[in-house]
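Okay, structure first, notes after.
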Amino acid sequence: MRGMPLSPEHPLLLRIVDDLATHGWSQQDIFLPASLTLALAAECRTRAAEGELAPAAVGRGATQEVREGIRGDHIQWLEPGQAESCDQYLELMDGLREALNRGLFLGLEDFECHFALYPPGAFYRKHLDRFRDDDRRTVSAVIYLNAEDWTPDDGGQLRMSLKGGEEHDVQPIGGCLVVFLSGDIPHEVLPARRERLSVTGWFRRRGNEPF
Ligand code: OGA
Ligand code: MN
């Protein structure tokens with residue numbers, strides 16, 4: 001089966017671009033087809049069962065360390081050519097990258113993303129998706145892979161701190177996509193009471209380090 005490229009002119013993508021331009025974030029409750037959400041969830045669970053997911057670290061390079069008091073998720077990076085479902089998702093995100101570049105002139109060069117599994121009790125404390133020594137991460141994109149019957153009591157909400165002191169919570173229900181400006185929106189993942197699955201990724205600009 002071939003992937004499903006989304007034209008950068010697709011109304012869904014244009015809506016995300018428009019939301020980012022006006023608010024700095026966008027939530028699309030019905031972004032992925034249910035079949036792709038299920039396939040990605042199955043792929044994530046298989047990798048977890050095979051021991052391929054590892055405790056996520058905080059920081060980068062030499063200063064990376066696992067700190068469960070800050071984040072308790074387990075992750076594995078997606079690479080092209082590993083699984084049909086992952087390739088389809090990467091292709092959709094490439095359409096979004098193109099739409100963001102056309103609409104907002106962001107010059108986004110690539111997209112990196114990982115599966116994330118939060119075991120019951122895990123959380124991720126409030127943070128910005130930008131490293132002090134590397135500002136290439138420009139737009140964050142999270143797709144949720146959980147069952148439709150996720151309720152507010154299950155926890156695991158993404159809580160974004162918006163301008164003006166408002167907060168916005170997202171229930172991590174399968175198929176929902178959240179996109180936000182990585183350097184502008186502090187956010188956290190509240191403790192999940194059920195296993196919580198997602199693919200979390202970042203559109204990056206070219207680095208300005210010397211070559
Ligand atoms: C992250 C993150 C949010 C979420 O991995 O940096 O903030 O809802 N994830 O999973
Ligand atoms: Mn984050």
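Once you charge only the Cβ atoms, +1 for Lys and Arg and -1 for Asp and Glu, what is the size of the charge dipole of the chain about its Cα centre, to the nearest 20 debye? Each step should come with its number before you reach the end.
Details: 23 positive and 34 negative charges, 90 e Å.
The dipole of the chain has a size of about 440 debye.
If you take the square roots of the eigenvalues of the alpha-carbon gyration tensor of region 1-119 and sort them as a ≥ b ≥ c, do you get rounded (a/c under 1.5), prolate (a/b over b/c) or oblate? Spell out each step's value before the answer.
Values: a/c = 2.02, a/b = 1.37, b/c = 1.48.
It comes out oblate by the Cα gyration axes.
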Gap in Å between the Cα centre of region 135-211 and the Cα centre of region 81-118?
15
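Let's see if you can work this out: charge +1 on each Lys and Arg Cβ, -1 on each Asp and Glu Cβ, no other charges. What is the dipole magnitude of region 53-141 about its Cα centre, in debye to the nearest 20?
On the way: 11 positive and 16 negative charges, 119 e Å.
Dipole size: approximately 580 debye.
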Separation between the residue 14 and residue 159 pseudo-spin-labels, each 7 Å from Cα along Cα→Cβ, expressed in nm?
3.7
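Cα gyration tensor of region 136-200, axes a ≥ b ≥ c as square roots of the eigenvalues: rounded (a/c below 1.5), prolate (a/b > b/c) or oblate?
Numbers: a/c = 2.35, a/b = 1.47, b/c = 1.60.
Oblate, because a/c is 1.5 or more while a/b does not exceed b/c.
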Which Cα, out of 123, 51, 38, lies furthest along the positive dipole direction of the chain (beta carbon charges, K/R +1, D/E -1)?
123
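Do the sum for the chain: with -39,500 (n - 2.57) for every DSSP H run of n ≥ 4, divided by all residues, what is the mean residue ellipticity at 222 nm, to the nearest 500 deg cm²/dmol?
Details: 3 runs with 50 residues, N = 211.
Only helices count here, giving -8000 deg cm²/dmol.
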Using the Cα gyration tensor of the chain, with a ≥ b ≥ c the square roots of its eigenvalues, what is the shape: rounded (a/c below 1.5), prolate (a/b larger than b/c) or oblate (neither)?
rounded
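With a 10 Å Cβ neighbour count serving as the proxy for reagent exposure, in which order, fewest first, do 163, 126 appear?
Values: 163 9, 126 12.
Result, fewest neighbours first: 163, 126.
Over the chain, what is the relative contact order in whole percent, taking alpha-carbon pairs under 8 Å and six or more residues apart? Write out the running numbers ahead of the final one.
Values: 430 pairs, mean separation 59.0, N = 211.
With pairs under 8 Å counted, the relative contact order is 28 percent.
We did not get these values from a lab; they are worked out from the coordinates using the rules stated. Keep in mind that this is a model prediction, so the values were computed, not measured. Don't worry about glycine lacking a Cβ; one is built from the backbone with ideal geometry, like all the others, and counts go over all protein chains shown.
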